[in-house]
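> The structure's right below; bear with me while I get my questions together.
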Amino acid sequence: MDFRIFFSPVPTGETTYLGWLLVGLRNTVALSLAAWVLALALGTVLGILRTVPGRGLRAFAGAYVEIFRNVPLLAQLFIWYFVVPEIVPGGHRFKQIDPFAQQFLASAACLGLFTAARVCEQVRAGIESLPRGQKNAALALGLTLPQTYRYVLLPMAARLIVPPLTSETLNVFKNSAVCSTIGLLELTAQGRQLVDYTAHAYESFLAVTVLYLVVNAAIQLLMRAVESRARVPGYLGSRK
Amino acid sequence: MYELDWSSIPGALPFLWQGMKVSLAITAVAVVAGIAWGTVLAVMRLSPARPVSLFAAAYVSLFRSVPLVMVLLWFFLIVPSLLRDVLGLSHATDLRLASAMVAFALFEAAYYSEIMRAGIQSVSKGQRSAALALGMTPLQAMWHVVLPQAFRNMVPLLLTQAIILFQDTSLVYVSALADFFGAAVYVSALADFFGAAYKVGDRDGRLVEMLLFAGAAYFVLCCTASWAVRLLRRRVLA
Amino acid sequence: MISVRDVYKSYGEVEVLAGCSVEVRKGEVIVVCGPSGSGKSTLIKCINGLEPFERGQIVVDGVEVGKRGTNLPRLRARVGMVFQQFELFPHMKVIDNLTIAQVKVLGRGGEQARKKALALLDRVGLREHADKHPGQLSGGQQQRVAIARSLALDPVCMLFDEPTSALDPEMINEVLDAMAGLARDGMTMVVVTHEMGFARKVASRIVFMDQGRIVEEGRTAEFFAEPKTDRARQFLSKVLHH
C-alpha cells in the first residue's frame, strides 16, 4: 500500500488527492449541519404537536412521521432531486441554478425532513417520559399550555433526550453519504473519485473510513460535553 | 405544469417484480445471517476474555460509525475482484448479489449485536446462576437458557431492524457507480426494486411517475410491516 | 462432606467474608442464619463455585472448589442449589426444566430423564403440572419444582439460599415440608433461612453469621436454649417474636 498518492496532485492540478478528500469532508460537514439545523427545528415542533391535546395536530404530526419513516432515504432523495422540481410550480427555476447548489439544496431538504421525523419521535418520547404531574402542576399554577411547554416540559425533555440525539447526530453524518448518488461531492463520493483516478482502492477507502471515524469521535466528544452541562442534579443519570 | 402519466407502470410491473425479489432476497439473507453473526458478536462482547470482547466491541463500533453506502462501495469495488483472484471466477453479476448479501449481513450484524446484547442483559442474572448451578457450562447456559429468553424479549426490535434493512437494500443502487474505472465490459447494475424503478423510468422518460410509484410502494409495504410488528407485540408477546 | 476453611472474600473494597470455617458431615442439616448483609448467601454461593473467593479452601465431597483445574460444571451437577427467586426457566415446560440438565449435563437418555422427572414431581406432589409453564404455577409450586429440578441430578448435597423469602406466607409451609422430607431421607443440606421454626425442628446444627464472620455455631438445641454470644442472643430475641 502506498500512501504517498494522497500528496500527488490531481489531474487538473489545483490540489492534491488529499485536498479532494478534504473538500468532500467539508461538503459532508456543511450538508450535515444544514440538515441537522432544519431537523432540530422542525422535529421539535412536530414532537410537541404529537403530545398536544388537539387531535388533528397529533394526527398530522403522526402522519408526517409515518411517511418519512417508511420510505427509504434514497427514494426520498431522488424524489426531491428529480420529482419535486418537475411538479412543484416554479420548479423549473430550480433546474437552472448551479448544479452543485441543486444537489446541495435537494440533499439538505431531504436529509433535514427525513431526520426531523426521527427527532420528532425522540422529543415525543422525552416529553412523554416526564411525570404526568409536571404538566398538571404547571397548569394548576395558572400557566397556559404554551407556557407550560416553554418553561416546564421542554427544558426537562431537552436534557433527557441528549443521549439519543447524539446517535441521531451521528446518523445525519452517515446518511449524508447517500447524497453521493445524485452527484454531490461529499466524502464518500470523493473517495470513489480517488479510486477511479488513482486505482489505489485500499488506501482511498482506508482514508475515507478514518475520516468518518474522526468525525464520529469528534461528535461523541462534543455531545458528551453537552450532556454533562445539561445534567439535572439529582435526576437519574446525573452525577450529583 | 408537468403532466403526470401513469400509463407506463403496468407494463413495467414484471421488471419491478424482479427487482423486488432481489430486495427481498437480500433482506432475508442479511436478516438471518445478521442476527446469527450479531448474536455471536454479542456473546463475544460479554466474554470475560479481553481479546475476544475487544474484537467484538471494535467490530461493532467500526460498522456503526461508517455509512452503509461506503461499505457497499467498498464491497462492490474491492471484493468481486478479490474473490475473482482467489476463486478464479469471472461472472460479475452473480458476485455482485453475493457481495451485496455479505456486505449487508456484516454491516447489519453490528446493529443486531447491540439489540441482542441488550436482550441478553435483560435476562435476570439468576437464570444464568441457576443454569450453572445445575452443572451446565457457561456456553450451555447461554445457549439453552439465556439466549432463548433474550431472543424472545427482543423480537419486536429485531423485526423493526429488518424493516429498516429492507429499506436499506435500495442502496445497492450504488453498484451502478461501482463500475471499475477501465473495466472492459459494462456490467448492468444489480437492480433491486428501487433500482428497477429508476431504470424503467429513465428508459421510458417517465422517471417522475416511477419514483413516486416506488416511494408509494415502499410506504405501503413498510407501514403494513410496522403495523404487523406492533400487533404482534401486543397480542402475542405482551 | 463439605469443608469450608478460613474463607475470605471481598467485592472490591468491601470484605464480605472474613475467615469463615465450617464442617458439614454427611446427612447433617446446617441452617445458616444472621442479619442481612452478614454474608450468608455469599458463603453458600462460594460452596458450589458460583462466587469466587480470594483466600481459604472449600472442599465438597473430595473436590476442591476454587482450585484452578477443577471441573466446576461436573461438581455443580452433584451439588443441588435452590434459589430465593426459584429461577425456573420460563421458556420451558415444567417437565423440561427437570430433564434438560439430566440430558445435557449427565448425558442421560430422554426417556430415562423423563421418567425420573415425573417420579420426582410425584414426590413433591406436582405431577399434574408437568406440562405447564412455570409462569402458570404459584410461587410455592415453583419452588417445589425447583427442588425437584435439583434432585433430578441425584446430588450428594443440597444448598438452599433463602428458599422461602420470596414466598407469600401461606405458601411457605409447603416448601418447608418438602425440605423437611428431604432431611428425613438423609440428604446433606445447607440452608440459609430466617425460618427459625424450621431450623429448630429440622437442623442438626445452627451457624450464626454477622458481618462476614461465623460468630457462633452449635447443635440446634443448645443454640436455641443457651446462645453463647451476645450477638446471637440479640438476633434470636428479635427473630423469635413470631
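> I'd like the full set of residues that are within 23 Å of C:His194 (Cβ to Cβ), touching a residue at least 40 places away in the same chain (Cβ under 8 Å) and of a type in the set (A, V, I, L, M), limited to the stretch C:126-167.
C:Val145, C:Ala146, C:Ile147, C:Met158, C:Leu159, C:Ala166
> Pick from C:Ser150, C:Ser138: which is within 25 Å of B:Lys125 (Cβ to Cβ) and out of contact with any strand residue (DSSP E or B) (no Cβ under 8 Å at 6 or more places or on another chain)?
Going through C:Ser150, C:Ser138 in turn, just one is within 25 Å of B:Lys125 (Cβ to Cβ) and out of contact with any strand residue (DSSP E or B) (no Cβ under 8 Å at 6 or more places or on another chain): C:Ser138.
> Hand me the list of strands (runs of 3 or more DSSP E) wholly inside the stretch C:139-242 holding 3 or more residues that are of a type in the set (Lys, Arg).
It comes to none.
> A further question on this structure: Restricted to the stretch C:38-96, and to residues that are of a type in the set (D, E, K, R) and in contact with a strand residue (DSSP E or B) (Cβ under 6 Å, 6 or more places away or on another chain), which residue is nearest to C:Val175 (Cα to Cα)?
Among them, the one singled out is C:Lys40.
> Looking at (1) under 27 Å from A:Trp36 (Cβ atoms); (2) free of Cβ contacts under 8 Å to residues at least 12 places away in the same chain; (3) buried (at least 18 other Cβ atoms within 10 Å of the Cβ), which is the one condition that is false for A:Val195?
Among (1) under 27 Å from A:Trp36 (Cβ atoms); (2) free of Cβ contacts under 8 Å to residues at least 12 places away in the same chain; (3) buried (at least 18 other Cβ atoms within 10 Å of the Cβ), the lone unmet condition for A:Val195 is (1).
> Considering only the stretch A:149-159, I want to know if a residue exists there that is assigned to a helix (DSSP H, G or I), modelled with pLDDT of 85 or more and under 23 Å from A:Arg26 (Cα atoms).
no
> Does A:Glu121 satisfy the criteria of being within 14 Å of chain B (Cβ to nearest Cβ) and either touching a strand residue (DSSP E or B) at 6+ places or on another chain (Cβ under 6 Å) or charged (D, E, K, R) (or both)?
Against the criterion (within 14 Å of chain B (Cβ to nearest Cβ) and either touching a strand residue (DSSP E or B) at 6+ places or on another chain (Cβ under 6 Å) or charged (D, E, K, R) (or both)), A:Glu121 qualifies.
> Same structure again: Does any residue in the stretch B:209-220 that is within 16 Å of B:Lys199 (Cβ to Cβ) come within less than 9 Å, Cβ to Cβ, of a residue that is charged (D, E, K, R) and surrounded by fewer than 18 Cβ atoms within 10 Å (Cβ to Cβ) six or more places away or on a different chain, and which pairs are these?
From the stretch B:209-220, the pairs are B:Glu209/B:Asp5; B:Met210/B:Asp202; B:Met210/B:Asp204.
> Sort out which residues of the stretch A:45-64 are closer than 27 Å to A:Gln103 by Cα and crowded, with 20+ Cβ neighbours inside 10 Å, and write them in order of number.
Within the stretch A:45-64, A:Leu46 is the sole residue that qualifies.
> Any idea which of (1) surrounded by 20 or more Cβ atoms within 10 Å (Cβ to Cβ); (2) more than 19 Å from A:Val178 (Cβ to Cβ) is the one B:Ile26 doesn't satisfy?
Just one mismatch for B:Ile26, condition (2).
> Determine whether the stretch B:49-65 contains at least one residue that is within 14 Å of chain A (Cβ to nearest Cβ), surrounded by 22 or more Cβ atoms within 10 Å (Cβ to Cβ) and either more than 30 Å from B:Glu209 (Cβ to Cβ) or at pLDDT 90 or above (or both).
Checked against the condition, which is being within 14 Å of chain A (Cβ to nearest Cβ), surrounded by 22 or more Cβ atoms within 10 Å (Cβ to Cβ) and either more than 30 Å from B:Glu209 (Cβ to Cβ) or at pLDDT 90 or above (or both), the stretch B:49-65 yields at least one hit.
> Does any residue of the stretch C:2-11 turn out to be polar (S, T, N, Q), at pLDDT below 90, surrounded by fewer than 21 Cβ atoms within 10 Å (Cβ to Cβ) and within 23 Å of C:Val202 (Cβ to Cβ)?
no
> Continuing with the same structure: Pairs needed: first member in the stretch B:60-79, at negative phi; second member anywhere, in a loop (DSSP other than H, G, I, E, B); C-beta distance under 7 Å; at least 6 residues apart or different chains.
Listed pairs, sorted by first residue: B:Leu77/B:Phe180.
> Also: So for the stretch A:211-225 (the condition being over 18 Å from A:Arg26 (Cβ atoms), buried (at least 22 other Cβ atoms within 10 Å of the Cβ) and not basic (Lys, Arg)), does at least one residue qualify?
Looking through the stretch A:211-225, none of the residues is over 18 Å from A:Arg26 (Cβ atoms), buried (at least 22 other Cβ atoms within 10 Å of the Cβ) and not basic (Lys, Arg).
> Could you please tell me which pairs satisfy a Cβ distance under 7 Å, a separation of 6+ or placement on different chains, a first residue in the stretch A:168-191 that is free of Cβ contacts under 8 Å to residues at least 24 places away in the same chain, and a second residue that is assigned to a loop (DSSP other than H, G, I, E, B)?
Pairs that qualify, where the first residue is free of Cβ contacts under 8 Å to residues at least 24 places away in the same chain and the partner is assigned to a loop (DSSP other than H, G, I, E, B), are A:Ser180/A:Glu186.
> Inspect the stretch A:163-172 for any residue being charged (D, E, K, R), outside any helix (DSSP H, G or I), in contact with a Lys or Arg (Cβ under 8 Å, 6 or more places away or on another chain) and under 27 Å from A:Glu128 (Cβ atoms) and give the result as yes or no.
no
> On to the next question. Enumerate the strands (runs of 3 or more DSSP E) found wholly within the stretch C:21-125, keeping only those where 1 or more residues are in contact with a Cys (Cβ under 8 Å, 6 or more places away or on another chain), in contact (Cβ under 8 Å) with a residue 40 or more places away in the chain and closer than 21 Å to C:Val156 by Cα.
Qualifying strands (runs of 3 or more DSSP E): C:55-60, C:79-82.
> Right, something else. Name the residues in the stretch A:188-229 that are within 8 Å of another protein chain (Cβ to nearest Cβ) and within 28 Å of A:Ala75 (Cβ to Cβ), would you?
A:Thr188, A:Gly191, A:Arg192, A:Val195, A:Asp196, A:Phe205, A:Val208, A:Thr209, A:Tyr212, A:Asn216 - these are the residues of the stretch A:188-229 that are within 8 Å of another protein chain (Cβ to nearest Cβ) and within 28 Å of A:Ala75 (Cβ to Cβ).
> Right, here's the next one. Of all the residues that make up the stretch C:75-89, how many are of a type outside the set (Asp, Glu), facing chain B (nearest Cβ under 7 Å) and over 13 Å from the mean Cα position of the chain (by Cα)?
Qualifying residue count, the stretch C:75-89: 2.
> Sticking with this one: Against the definition (within 13 Å of chain B (Cβ to nearest Cβ), under 27 Å from C:Phe224 (Cα atoms) and not hydroxyl-bearing (Ser, Thr, Tyr)), how does C:Ile44 come out, yes or no?
Considered against the rule, which asks whether it is within 13 Å of chain B (Cβ to nearest Cβ), under 27 Å from C:Phe224 (Cα atoms) and not hydroxyl-bearing (Ser, Thr, Tyr), C:Ile44 comes out as yes.
> Any residue in the stretch A:224-232 that is over 30 Å from A:Ser129 (Cβ atoms) and among the hydroxyl-bearing types (Ser, Thr, Tyr)?
Within the stretch A:224-232 (the criterion being over 30 Å from A:Ser129 (Cβ atoms) and among the hydroxyl-bearing types (Ser, Thr, Tyr)), the answer is no, since none of the residues qualifies.
> Can C:Val207 be described as among the β-branched types (Val, Ile, Thr) and more than 21 Å from C:Gln84 (Cβ to Cβ)?
no
> Take the residues of the stretch A:160-185 that are at pLDDT below 90 and under 14 Å from the mean Cα position of the chain (by Cα): which is surrounded by the most Cβ atoms within 10 Å (Cβ to Cβ)?
A:Leu165
> Within the stretch B:167-202, which residues are over 17 Å from the mean Cα position of the chain (by Cα) and modelled with pLDDT of 80 or more?
Scanning the stretch B:167-202 gives B:Ala196, B:Ala197, B:Tyr198, B:Lys199, B:Val200, B:Gly201, B:Asp202.
> Tell me which residues, restricted to the stretch B:190-210, are basic (Lys, Arg) and either surrounded by 19 or more Cβ atoms within 10 Å (Cβ to Cβ) or within 14 Å of A:Glu86 (Cβ to Cβ) (or both).
The answer is B:Lys199, B:Arg206.
> Mind listing just one residue for me: the one in the stretch A:121-137 that is modelled with pLDDT of 85 or more and in contact with a Ser or Thr (Cβ under 8 Å, 6 or more places away or on another chain) and, of those, nearest to A:Ala59 (Cα to Cα)?
Going through the qualifying residues, I end up with A:Arg124.
> How many of the residues making up the stretch B:115-131 are buried (at least 18 other Cβ atoms within 10 Å of the Cβ) and in contact (Cβ under 8 Å) with a residue 24 or more places away in the chain?
6
> Still on this model: Within the stretch B:132-143, count every residue that is surrounded by 18 or more Cβ atoms within 10 Å (Cβ to Cβ) and over 18 Å from C:Val82 (Cα atoms).
2
The values are calculated or read from the model by the stated rules, or taken from the named source; none is laboratory data. Keep in mind that this is a model prediction, so the values were computed, not measured. When we count neighbours, we look across all protein chains shown, and the Cβ atoms used for this are built from the backbone with ideal geometry, even at glycine.
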